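Scroll down for the structure; my scribbles are underneath it.
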Amino acid sequence: MRATLRLFAAVRPAARYLEAGTPTGLTGLYTHGSPRSTLLYLYSSTLEKLKAVPEHSVYRQSVEALTKHRMGLVEAVVPPGYDEWADKAQKLLSEHPDKFDVKGSDSIYGARAIKVERGGRAFVVRQIPVKEDMRYEEWDGEKDEGPELEGSRTLEERQDLKHIFERKDISDVEHVEWEPEPQLTADQVEELETKIGAGLIEEVIQVAEGELKLVDTMIEHKVWEPLEEQPAEGQWVYFERKA
């Protein structure tokens, strides 16, 4: 059952929406702004990584089955206005493909946005740059030549400064405004939480993030291969209650 500390933002008529960033009632866990698209991306990425695990592996079979099941539940819940948004998003991606490629230099709302393909799906992933404190940056070996000299410049010095005056102003760069996927209503979120049966949708996201990281570890250690040292006889036999 949803915690009573959840805050609702009645922005649109006849529908309640959860307010992102507000407390969920669980310590350190806050309301997620886009749970549906986040889960679809995590589940698609997990299924993509599982392809590196042999099909006979019990680990792959179990994780794949659970992931596909939950992914189907998430897909079935469509937020209001999704079809209109999807059409606009597809048009934007087709008209400005260079703005969303890995090598692109454009930014959206101060964050890098790249198009990622996962299982035949297209996701636009935002990468928010981390601000670094200059006081902790390592010295790059550049020699300190002291303060800038005053007076007129030689011809050689003026050639070095040429690129500064001829560079393109950053304000001239065309920016693309990307709209996030429409929010699920509060009722849709509660319905999805009930169907999944694993707590709040934010907890489900945490589990999906952990599973995605775990796949790399399982692949690294090749858990599907036979043990180098066989277990002792009876090691995996559990205690049974005898009559």
Step by step: first the residues of the range 1-37, then only those that are β-branched (Val, Ile, Thr) and at pLDDT below 65, then the one that is nearest to PRO79 (Cα to Cα). Which residue is that? VAL11
Residue ID - modelled with the lowest pLDDT, chosen from residues in the range 66-111 that are under 18 Å from the mean Cα position of the chain (by Cα), open to solvent by 60 Å² or more (accessible area, probe 1.4 Å) and closer than 23 Å to THR46 by Cβ: VAL102
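Criterion first (assigned to a loop (DSSP other than H, G, I, E, B), out of contact with any Lys or Arg (no Cβ under 6 Å at 6 or more places or on another chain) and at pLDDT 65 or above) does LEU40 satisfy it? Before the answer, list the steps.
Details: assigned to a loop (DSSP other than H, G, I, E, B): no; out of contact with any Lys or Arg (no Cβ under 6 Å at 6 or more places or on another chain): yes; at pLDDT 65 or above: yes.
For LEU40, the condition - assigned to a loop (DSSP other than H, G, I, E, B), out of contact with any Lys or Arg (no Cβ under 6 Å at 6 or more places or on another chain) and at pLDDT 65 or above - is not met.
Considering only the range 224-234, state which residues are within 23 Å of SER57 (Cβ to Cβ) and open to solvent by less than 100 Å² (accessible area, probe 1.4 Å). I'd like the intermediate steps shown before the answer.
Going through the range 224-234, the residues within 23 Å of SER57 (Cβ to Cβ) turn out to be 224-231.
Result: TRP224, GLU225, PRO231.
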Take the residues of the range 47-57 that are touching a residue at least 12 places away in the same chain (Cβ under 8 Å), more than 20 Å from VAL204 (Cα to Cα) and open to solvent by 60 Å² or more (accessible area, probe 1.4 Å): which is nearest to the chain's Cα centre (by Cα)? ALA52
Only unsatisfied item for THR217, checking (1) more than 20 Å from LEU42 (Cα to Cα); (2) surrounded by fewer than 15 Cβ atoms within 10 Å (Cβ to Cβ), is (1)
For the range 177-211, the count of residues that are loosely packed, with under 15 Cβ neighbours inside 10 Å and in a loop (DSSP other than H, G, I, E, B) equals 6
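The values are calculated or read from the model by the stated rules, or taken from the named source; none is laboratory data. As the structure is a computational prediction, the values presented were derived from the model and not from experiment. For neighbour counting, all protein chains shown are included, and Cβ atoms are generated from backbone atoms with ideal geometry for every residue, glycine included. To get the accessible areas, we keep the full protein, side chains included, count just its heavy atoms, and leave off ligands, DNA and RNA. Shrake-Rupley method; radii C 1.70, N 1.55, O 1.52, S 1.80 Å.
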